[in-house]
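Right, one structure below, let's go through it.
The values are calculated or read from the model by the stated rules, or taken from the named source; none is laboratory data. Values in this document were obtained by computation on a predicted structure and should not be read as measured data. Cβ sites come from the backbone with ideal geometry, for glycine too, and all protein chains shown count toward neighbours. Ligands, DNA and RNA are stripped out before the accessible areas are found, and what is left, the full protein with its side chains, is counted by its heavy atoms. Shrake-Rupley method; radii C 1.70, N 1.55, O 1.52, S 1.80 Å.
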Amino acid sequence: MPTGHIGIHEIELAANTESTVTFGGDLPSQYDLARVEVQVLEGTAPVYFRFGPSGAATVKGTDCWSVQPGTAVGVDVPTAGDTVVRLISAASAVVSVGRG
């Protein structure tokens, strides 16, 4: 996603397949996320997410935040310089990811 844009909406996640959203895609080295909100619009299972260019998100991962279907979670990004949000769910889901 280009620098300065707010988010990506209605992303379709496949079950047990990690998806990523990169903020500042045109200039990632100059972009830094401070806060991110993940909203689960459709689905029957929680969506798990974490930050960073490496280290995959995992279902029920102890290094991941979780979002229940029909809710949203806002998280302060713990590491300066992170531009990537990594997402996964045990079931297919539709999510929106935005910077806070």
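Note on segment 78-95: among residues that are in a strand (DSSP E or B) and hydrophobic (A, V, I, L, M, F, W, C), the one that is farthest from T22 (Cα to Cα) is A93. For segment 21-37, taking the residues that are free of Cβ contacts under 8 Å to residues at least 60 places away in the same chain and outside any loop (DSSP other than H, G, I, E, B), the one that is nearest to A91 (Cα to Cα) is identified as P28.
The set of residues in segment 59-76 being in contact (Cβ under 8 Å) with a residue 40 or more places away in the chain, open to solvent by 20 Å² or more (accessible area, probe 1.4 Å) and either in contact with a His (Cβ under 6 Å, 6 or more places away or on another chain) or β-branched (V, I, T) (or both) consists of V59 alone.
Condition (residue is among the polar types (S, T, N, Q), assigned to a loop (DSSP other than H, G, I, E, B), modelled with pLDDT under 95 and over 14 Å from T22 (Cα atoms)) applied to segment 55-77: is it met by at least one residue? Scanning segment 55-77 turns up no residue that is among the polar types (S, T, N, Q), assigned to a loop (DSSP other than H, G, I, E, B), modelled with pLDDT under 95 and over 14 Å from T22 (Cα atoms).
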